[in-house]
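Participant: Take this structure first; my questions come after.
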Amino acid sequence: EQPPGRYAAGEESALADWVGGGRGLPAFRPDKTVPLSVRRRPALVQNAETMAQLALVARHGADWFRTAGLPDAPGTTLVTLCGGLPHPGVVEVELGTPLGAVLELGGWSGRPQGVLLGGYGGAFLSGDHLDVAYAPAPLAARGAAVGAGIVGVVPEGACGVAETARIVAYLAGQSAGQCGPCTFGLPALAEDLALLTRGGADRRLLERLDLRLGLVEGRGACRLPDGAVRLVRSALAAFADDVAAHARRRPCPAWNRQALFPAPAPGPAPLPPRPGAGR
């Protein structure tokens, strides 16, 4: 058996729910220090990269591990390079490597229009930020994060507005259906962005979009709505010139080109409880 193939099903509390016989739905956890549980027993959810790093520290020691990276962010990390790069793929980099040098590993040179950091719940930075160190604290100071380890390029000539609209439309279809911000808020954001993309904005669209972003943020049962809000706000800033042109009903020529960041096909609906769940 596999968990439901939906975006929100990968959240740690949703995984714990599924392992315990549930439908793979995220739980409302305002306090993340509260331990997860599976059938009333404490559960730890970690990714494979973290466990691999722990094994290396156990074998070679902490001093060896700290020979790479930064004092406050030691070691290396895996990065998935995607978007408009000549050579997409997975690379390993030292934490603290300049963002521009990370892009060069994917064959990129020059200044991109924007860079997506952290995946579909992450943030866009404009191409002026290639000097930032790829590590948690320096990225946080620019409003971004390592997140899921995704680094994607939006080259000059592409449409960052359209890319954002497609991602948000995908996220809107991945709701667990447990709360209003996902069920109603994300589709509303996707609708506004679709209008903006094709140059169909009314005079109040940007004002309405800003209002909706504020209503969605911080009100979801999980972090899916917050990630979508962060992505949209960062795109409005990183692609400000294109946003203004689209809002004037003058979309850039690339608005309907093939997606740089294609969304996977929607997964199946959450599974019903399995026989014997909760025993």
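Participant: So what is the relative contact order for region 139-214, in percent, with contacts set as C-alpha pairs under 8 Å and at least six apart? The partial results should precede the final answer.
Facilitator: Numbers: 45 pairs, mean separation 19.0, N = 76.
With pairs under 8 Å counted, the relative contact order is 25 percent.
Participant: In addition: Under 10 °C and 1.306 mPa s, how fast does region 28-67 diffuse according to Stokes-Einstein, given a Kirkwood radius computed over C-alpha pairs? Answer in µm²/s, whole number.
Facilitator: Working: Rh = 12.5 Å.
My calculation gives 127 µm²/s for D.
Participant: Between exposed GluC sites (Glu not before Pro) in the chain, where DSSP calls loop and at most 15 other Cβ atoms lie within 10 Å, what's the longest gap?
Facilitator: On the way: sites that count: E1, E156.
After excluding every exposed loop site, the longest remaining stretch is 2-155.
Participant: Which listed residue (L130, L117, L95) has the Cα farthest towards the positive end of the charge dipole for region 70-158, taking +1 on Lys and Arg C-beta and -1 on Asp and Glu C-beta about the Cα centre?
Facilitator: Toward the positive end, the furthest listed residue is L117.
Participant: Could you give the size of the charge dipole of the chain about its Cα centre, using +1 on the Cβ of each K and R and -1 on the Cβ of each D and E, expressed in debye and rounded to the nearest 20?
Facilitator: 980 debye
Participant: Which helices, counted as full DSSP H runs in the chain, have an axial Cα extent of no less than 15 Å and a Kyte-Doolittle average of 0.0 or above?
Facilitator: 48-60, 160-172, 186-197, 205-216, 224-238
Participant: Now for a different question. Using Cα springs under 10 Å in a Gaussian network model of the chain, which residue among S126, S234, S37 shows the largest mean-square fluctuation?
Facilitator: Taking springs between Cα atoms under 10 Å, the residue moving most is S37.
Participant: Follow-up question, since we're still on this one. Per the Kirkwood formula on distinct C-alpha pairs, the Rh of region 43-131 is how many angstrom?
Facilitator: Details: mean 1/r = 0.0683 Å⁻¹.
It is 14.6 Å.
Participant: Looking at the chain as a GNM with Cα springs under 10 Å, which of V34, V153, V79 has the largest mean-square fluctuation?
Facilitator: For the chain, modelled as a Gaussian network with Cα springs under 10 Å, the answer is V34.
Participant: Report ³J(HN,Hα) in whole Hz for each residue of region 69-79, in order, from the Karplus equation J = 6.51 cos²θ - 1.76 cosθ + 1.60 where θ = phi - 60°; Gly and Pro get x.
Facilitator: x, 10, x, 9, 8, x, x, 10, 8, 8, 10
Participant: To continue, here is another question. For the chain, calculate the relative contact order in percent as a whole number, restricting contacts to Cα pairs under 8 Å that are 6 or more residues apart. Numbers along the way, then the final one.
Facilitator: Working: 495 pairs, mean separation 59.5, N = 279.
Computed over the chain, the figure is 21 percent.
Participant: Going toward the positive end of the dipole of the chain, with +1 on Lys and Arg Cβ and -1 on Asp and Glu Cβ, which of V153, L196, W108 do you reach last?
Facilitator: L196
Participant: With a ≥ b ≥ c taken as the square roots of the eigenvalues of the C-alpha gyration tensor of region 86-234, please select rounded if a/c is under 1.5 and otherwise prolate if a/b is larger than b/c or oblate if it is not?
Facilitator: Values: a/c = 2.19, a/b = 1.59, b/c = 1.38.
Here region 86-234 falls in the prolate category.
Participant: Hey, what's the chain come to in accessible area per residue, 1.4 Å probe, Å²?
Facilitator: Details: 14410 Å² over 279 residues.
Using a 1.4 Å probe on heavy atoms only, each residue of the chain averages 52 Å².
Participant: While we're on this one: Before anything else, pin down the relative contact order of region 1-124: Cα pairs under 8 Å, at least 6 apart, normalised by residue count, whole percent. Don't skip to the answer; put the middle values down first.
Facilitator: Working: 131 pairs, mean separation 14.4, N = 124.
After rounding, I find 12 percent.
Participant: If you work out Cα Rg over 2.2 N^0.38 Å from the coordinates, which of (1) 1.24; (2) 1.07; (3) 0.97 do you get?
Facilitator: Comparing each candidate, only (2) matches the computed number.
Participant: On the protein heavy atoms, probe 1.4 angstrom, tell me the percent of accessible surface of the chain carried by carbon and sulfur.
Facilitator: Working: 8040 of 14410 Å².
Its accessible area is 56 percent carbon and sulfur atoms.
Participant: Something else about it: Helix-only estimate, please: 222 nm mean residue ellipticity of the chain, summing -39500 (n - 2.57) across DSSP H runs of length 4 or more and dividing by its residues, to the nearest 500. Before the final figure, lay out each step's value.
Facilitator: Working: 10 runs with 97 residues, N = 279.
Roughly -10000 deg cm²/dmol at 222 nm, from the helical runs in the chain.
Participant: Top mean-square fluctuation among P187, P253, P225, Gaussian network model of the chain, C-alpha springs under 10 Å?
Facilitator: Taking springs between Cα atoms under 10 Å, the residue moving most is P253.
Participant: For I167, I150, what's the largest-to-smallest order of accessible area, 1.4 Å probe? The partial results should precede the final answer.
Facilitator: Working: I167 0, I150 40 Å².
I get I150, I167, largest accessible area first.
The values are calculated or read from the model by the stated rules, or taken from the named source; none is laboratory data. All of these numbers come straight from a predicted model, not from anything done at the bench. Cβ atoms come from the backbone with ideal geometry, glycine included; neighbour counts cover every protein chain shown. Remember, those area values only see protein heavy atoms, side chains included, never the ligands or the DNA or RNA. Shrake-Rupley method; radii C 1.70, N 1.55, O 1.52, S 1.80 Å.
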